[in-house]
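**Q** Dropping a structure here in structure tokens format, bear with me for questions.
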Amino acid sequence: MKIKINENFLRIKESYLFSDIAKKVNDYKSAHPDADVIRLGIGDVTLPLTKCVTDAMRRAVEEMAVKETFRGYAPEYGYDFVRQAVSDYYARRGVTMTADEIYVGDGAKSDLGNLTDIFGDNPILVPDPVYPVYVDSNVMCGREVTLIESNEENGFLPSPPTERRAYVIYICSPNNPTGAVYDKAGLSAWVDYANETGSVILFDSAYEGYISGDYPRSIYEIEDARTCAIEINSLSKRAGFTGTRCGWTMIPNELEAGGVKLGKLWARRQATKFNGVPYVVQRGAEAALSEQGEIECRELIAYYMKNAAIMAEALEAKGVWFTGGKNSPYIWMRCPNGMGSWEFFDYLLERAQVVGTPGAGFGSAGEGYFRLTAFGDRDRTIEATKRIGALL
Ligand code: MLT
């Protein structure tokens, strides 16, 4: 063919981190068909959708089977009932976000990747280590990405740079992969930086449901965030929607760049390239966001956080340094005996048949660290913890 490809794709790793891991595990399983492999790698949930969610989805399926209540294309920005349910969800924790500032989508990953469409050629600021989608999606469209190191010294919570520059800034709190969570002062420093420099923050709050301490669960809990921040959230980790797919992006009406409202651009982008989340899923999302839904989700979260506590206790007993696992479903541990992240991945897979995620896969500052997810089944998590403990 004579057409030109987007050569920026050649600047990113050939395959996505979790695809690499899946391939390595599948190769191992082919070579050792009897091995009992326990996966604590990708942050995929294992508990089913809750009762109020599946009841709502069942009712929606019945509606779809009847001519009078059947629905075709969903509105591009979500049905009003979900936008209102999201707005009510935030109102219950003191954050005002009107339904027209909420854009329902098929999850945080897609929205985080697609938001690059509405920005021009700005410098991008991304903490390292971090969820790989932020860097990869910007490199794919030729953007210059500046990494800001997070490490044990800064508690994996970097502060804004001293250099004053207008950036598109990505912040994930509670953080994937480290589990570190910004307090009000830490997040306010970023909001002040963004307002002073004319930057925009893309705030990924996909893990906010796991916060139990006194930390902001939304960036809009911080004064003046409405003039500098877009927030992206999802039901994947909180309500078990990893396969069901529903999330939302919030763009305050006053958020403007170059005299243009960012919400208007996102609406235009979505109307052109997206046809909405299925009706049945949106009814499930509405239920998950209801007060009853919140009660049921808290049970899922409590289950996973108990898994985190089991792993944390074992690591503490072995004197292994780690962070996370308190306001986050991820445990971020230092690899033993100075091992590299991938070296420890191989060691754990071969010697204990346990799969985790190498810290280096989230950026070079993640080298020497390893991520374990608490989203596993309880008995399998206990078994994996025993096997890891025996190795350390
Ligand atoms: C992770 O394991 O980091 C996440 O599950 C990946 C994702 O949400 O896409």
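**Q** Sort 215-228, 378-391 for me by packing, meaning the mean count of neighbouring Cβ atoms within 10 Å per residue, highest on top.
**A** 215-228, 378-391
**Q** I've got another one for you. In whole Å, what is the distance between the alpha-carbon centres of the stretch 33-75 and the stretch 334-370?
**A** Value for the Cα centre distance between the two parts: 33 Å.
**Q** Enumerate by residue number the trypsin sites (Lys or Arg not before Pro) in the stretch 93-144 meeting two conditions: DSSP loop (anything except H, G, I, E, B), and at most 15 other Cβ atoms within 10 Å of the site's Cβ.
**A** Qualifying residues, ordered by number: Arg93.
**Q** Could you work out the local net charge near Glu343, counting Lys and Arg as +1, Asp and Glu as -1, over the other residues with Cβ closer than 14 Å to its Cβ?
**A** Result for the local shell: 0.
**Q** So if each residue of separation counts as 0.36 nm, and I subtract the Cα-Cα distance between Met1 and Ser19, what length gain in nm does that give?
**A** Working it through step by step, the gained length comes to 3.7 nm.
**Q** Also: Does anything in the stretch 173-192 have its amide N under 13 Å from the 7 Å Cα→Cβ label point of Glu223, and if so which residues?
**A** Counting only backbone N, you get 185, 188-189, 192.
**Q** Right, here's the next one. Using a cut-off of 13 Å between beta-carbons, work out the net charge of the residues near Asp192 (Lys and Arg +1, Asp and Glu -1, Asp192 not included).
**A** -1
**Q** Compute the FRET efficiency between Arg378 and Asp117 as 1/(1 + (r/R0)^6), taking r as their Cβ-Cβ distance and R0 = 41 Å, and round to the nearest 0.05.
**A** Using R0 = 41 Å, I get an efficiency of 0.50.
**Q** Between Arg58 and Val37, take the C-beta separation as r, use R0 = 45 Å, and let me know the FRET efficiency to the nearest 0.05.
**A** E(calc), rounded to 0.05, equals 0.85.
**Q** Determine, for each peptide in 130-138, 5-13, the mean count of other beta carbons within 10 angstrom over its residues, then list the peptides with the highest first.
**A** 130-138, 5-13
**Q** Something else: Out of all DSSP beta bridges with both ends in the chain, state the antiparallel percent to the nearest 5.
**A** Roughly 55 percent of the beta bridges in the chain run antiparallel, per DSSP.
**Q** Considering only the other residues whose Cβ falls under 11 Å of the Cβ of Ala99, what net charge follows from Lys and Arg at +1 and Asp and Glu at -1?
**A** With Lys, Arg at +1 and Asp, Glu at -1, the neighbours total -3.
**Q** If R0 is 22 Å, what FRET efficiency do you get for Val260 and Asn195 from their C-beta distance, rounded to 0.05?
**A** 0.75
**Q** Hey, what did the stretch 51-290 get for relative contact order, percent, Cα under 8 Å, at least 6 apart?
**A** Relative contact order of the stretch 51-290: 28 percent.
**Q** What nm distance separates the two modelled labels at Asp214 and Asn154, each placed 7 Å from Cα along Cα→Cβ?
**A** Each label point is offset 7 Å from its Cα along the Cβ direction, giving 2.5 nm.
**Q** Counting each DSSP H run of 4 or more residues in the chain as -39500 (n - 2.57), what helix-only mean residue ellipticity at 222 nm follows after dividing by all residues, to the nearest 500 deg cm²/dmol?
**A** Calculated at 222 nm, the ellipticity per residue is -12000 deg cm²/dmol.
**Q** Students often check this: by mean Cβ neighbours within 10 Å, which of 38-46, 339-347 ranks highest, and how do the rest follow?
**A** In descending order of packing, they fall as 38-46, 339-347.
**Q** Counting other C-beta atoms within 10 Å, and keeping those with at most 16, which DSSP coil trypsin sites (Lys or Arg not before Pro) do you find in the stretch 162-201?
**A** Those satisfying the criteria are Arg164, Arg165.
None of the figures in this text is laboratory data; all of them are computed from the coordinates on show. Quick caveat: nothing in here was measured; it's all calculated off a predicted structure. Ideal geometry is used to build each Cβ from the backbone, glycine not excepted, and the neighbour counts take in all protein chains shown.
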